[in-house]
Structures are given as C-alpha cells and as structure tokens.
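Readers should treat all values here as calculations from the given coordinates under stated rules, not as data from a laboratory. Worth saying up front: this structure is predicted, and the values here are computed from it rather than measured. Cβ: placed from backbone, ideal geometry, glycine included. Neighbour counts: every protein chain shown.
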Amino acid sequence: MQVGDTISSGTVLCIIEAMKLFNEIESEVSGTIVKVLADDGKSVEYDQPLFLVQPA
C-alpha cells in the first residue's frame, strides 16, 4: 500500500512474517492511507501502528 491509496474494511494492507509464518494484516476501517509508518524489511512490535488512515 502507498500514500493516497483508497482502502475498504477488510483490505489486506501488508504481510508480516513472524517465526516463519506470514500474517496478512487487514484494514479495520475504510478510507485513504495518509502515511506509512513502518519501513519495508524493518522489525515491528506488537500493537505498533503501521499506517495512518483518514476514515471515509
């Protein structure tokens, strides 16, 4: 996903690998992506925000 992309609830935003399992992260709201907070290939923590979304 990139800034400016329109998403709906349930849209797969990204895939996170944890202990060789690939988890699809789905959007909880509909709207437009305003900012991507996580860098590709970098570690993320549990409950860390990954995207800023402006609700529709």
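Filter the range 16-37 down to the residues that are under 20 Å from Thr6 (Cβ atoms), out of contact with any Asp or Glu (no Cβ under 7 Å at 6 or more places or on another chain) and of a type in the set (A, V, I, L, M) and list them by number.
Ile25, Val29, Val34, Val36, Leu37
Specify the residue that is surrounded by the most Cβ atoms within 10 Å (Cβ to Cβ); the eligible residues are those in the range 17-56 that are of a type in the set (D, E, K, R) and touching a residue at least 12 places away in the same chain (Cβ under 8 Å).
Restricting to residues being of a type in the set (D, E, K, R) and touching a residue at least 12 places away in the same chain (Cβ under 8 Å), the top hit is Glu26.
If we keep just the residues of the range 29-55 that are out of contact with any Pro (no Cβ under 7 Å at 6 or more places or on another chain) and among the β-branched types (Val, Ile, Thr), which is nearest to Met19 (Cα to Cα)?
That would be Val44.
In contact with a Gly (Cβ under 9 Å, 6 or more places away or on another chain) and among the charged types (D, E, K, R): which single residue out of Glu17, Glu45, Glu24, Glu28 fits that description?
Glu28
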